[in-house]
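Take a look at the structure set out below.
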Amino acid sequence: MGVYRRVKRASVFAAVAALAAFAPALGYAAAAPFLLAAGVFLLGIRDGEWFETLALPGDREEERLFGVGAFALALAGLAVVATVPPVPLPAGAFAAAALAVGAGRFGRELVRTRSDDEFRLVAGYLAVGGLAAVAGQAVAVAVASDVGPGAVVAGLPGFAFHGALAVLTAALVRSLVYARDAHITVVVVALVAWGFTALDPTVTALGVAVALAVTAALGYASYALGAASVPGMLTGVLLSLLTVVLGGVAWFLTLMAFYAVGGLASKYRFEEKADRGVAQENQGARGTGNVLANSAVALVALVGYAATAHVGVPESVFRLAFAGAVATAMADTLSSEIGGLFDSPRLITTLRPVDPGTDGAVTWQGEVAGLAGAALVALLAVVPLPIGDPVVAGGPLLGGGVVVVAGVGGMTADSVLGALIEGERIGNQAVNFLATLSGAVLAVAVGVAVG
């Protein structure tokens, strides 16, 4: 009975979220239905069957339906923002955020009636929330712009991209905060959707379909092989989707090389590394923090490249920064995962022998592996493909050399930072972020100097 009560509760969240698709028809009164719903939940329903059905943990103690009430209030606030000039929240972004969260919750609970497997629950969240977000955008744009069916159909590729972006962000944020905080999740998702709507990327039906299929398959494979946790998988899929849509095939392959090779390297002789105390935590499955620490700089470079027309910075700067950051992440990962298998590591700052696993320790075998990883990224970043331009221009030798130098330099910076400040002052993820930032800056500096 408890499972089906959760489905009913989730259906109410979805129904409240669905109002966002029709809110544009109310103009400046768009917040009114959400305020009315919030009043009913917070003030009108205090006990009885509906209260028991809608109450989240903690609501019964307060005798208030704070969960669904706060969600309705958050949507009311977003509805106000959607009607405030000069730069209102777009109607499509509002609807995508609301339905990704509300309908996604409903999809998760539907799956729960059959299974408690976390991957299947997340899949239900993504499938139902994503489809609802696409439909919600179509309705909202039609209502707000008074366009015909033909214009709505023409906009479906964009709706699909923004819907996927919204629901992936929603699922990721939900996995990082308390599950009842739908009001926080929907605000974060709306801001992300707003930003990418303003970016206005060029998308095609084929491009979005391929991107969704490939990233979904890779996400499942990373989870099934134990290379990533569920939150880590969501983070990787989200970054991969943005990379293939905003960057292109070469950008996607470059990033995927890091995810694939890095994941395999983490699993390589894992038990032996665990016995030596140098293995990745969580059985080698990378979480959100690890994925973001290694990919955040590359993501910023990617978004900067997509926004070149808006920021007035040459796109070559973002191309070099992306390749340098990914080369650093690859080099550092292979250096750590392969080098940790060998004895006689030395501290990079003094070259004195230290125990395996010491922060800042290096082996010559790890350095060679890191160099090979940087070279692989360089190859993928500079070689032209039949279906896409390379990430870095300037020819395979010059451009590839810049990327290799950046990758090895960033890897070295990671080791130096590990020896000097990692531990009491900052953690490994912060060091990884600073290292990839160093690699990106070095790539831009060297590329400008020799270009």
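Every number in this text was worked out from the coordinates using simple rules, so none of it is lab data. Please read all numbers here as calculations on a predicted model, not as lab measurements. With ideal geometry, Cβ positions are generated from the backbone for all residues, glycine too; neighbour counts draw on all protein chains shown.
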Please express the Cα-Cα pair-distance distribution P(r) of region 298-451 as a list of whole percents, one per 10 Å bin, running from 0 to the bin with the greatest distance.
13, 39, 30, 15, 3, 0
Ranked highest first by average number of other Cβ atoms within 10 Å, how do 339-350, 132-143 line up?
132-143, 339-350
With Cα atoms, 0 to 90° folded angle of helix 66-81 axis to the chain main axis
80
May I ask you to order 39-45, 377-383 by the average number of other C-beta atoms within 10 Å around their residues, highest value first?
377-383, 39-45
Computed from the beta carbon distance with a Förster radius of 41 Å, FRET efficiency for Ala309 and Leu379 to the nearest 0.05 stands at 0.90
First select every other residue whose beta carbon is under 11 angstrom from the beta carbon of Ala369; then total the charges, Lys and Arg +1, Asp and Glu -1.
-3
For the chain, find the longest principal axis of its Cα atoms and tell me its angle to the long axis of helix 396-420, 0 to 90°, nearest 10.
90
At each listed q (0.13, 0.16, 0.19 Å⁻¹), what is the log10 of I(q)/I(0) that the Debye formula gives for region 14-130 modelled as equal alpha-carbon point scatterers?
-0.57, -0.81, -1.01
Give me the net charge of Glu49's neighbourhood, meaning all other residues with Cβ under 13 Å from the Cβ of Glu49; Lys, Arg count +1, Asp, Glu -1.
+2
Counted charge near Thr349, where neighbours are those whose Cβ lies closer than 13 Å (Asp, Glu -1; Lys, Arg +1):
-1
For region 224-337, what is the largest minus smallest coordinate of the Cα atoms on each principal axis, given in angstrom and ordered from greatest to least?
51, 25, 21
For region 28-48 and region 370-396, write down the distance between their C-alpha centroids in whole Å.
55
Normalised by the residues of the chain, what does the relative contact order come to in percent, with Cα pairs under 8 Å and at least six apart?
12
Summing -39500 (n - 2.57) over the DSSP H runs of n ≥ 4 in the chain and dividing by its residue number, what mean residue ellipticity at 222 nm do you reach, to the nearest 500 deg cm²/dmol?
-24000 deg cm²/dmol
Each label sits 7 Å from Cα toward the beta-carbon; between Glu52 and Ile421 the label points are separated, in nm, by 5.7
Run a plain Debye calculation on region 286-350 (Cα atoms as equal point scatterers, no solvent) and give log10 I(q)/I(0) at q = 0.26 Å⁻¹, rounded to two decimals, same order as the q list.
-1.05
Here FRET efficiency (C-beta to C-beta, Val448 to Leu225, R₀ 30 Å, nearest 0.05) is 0.15
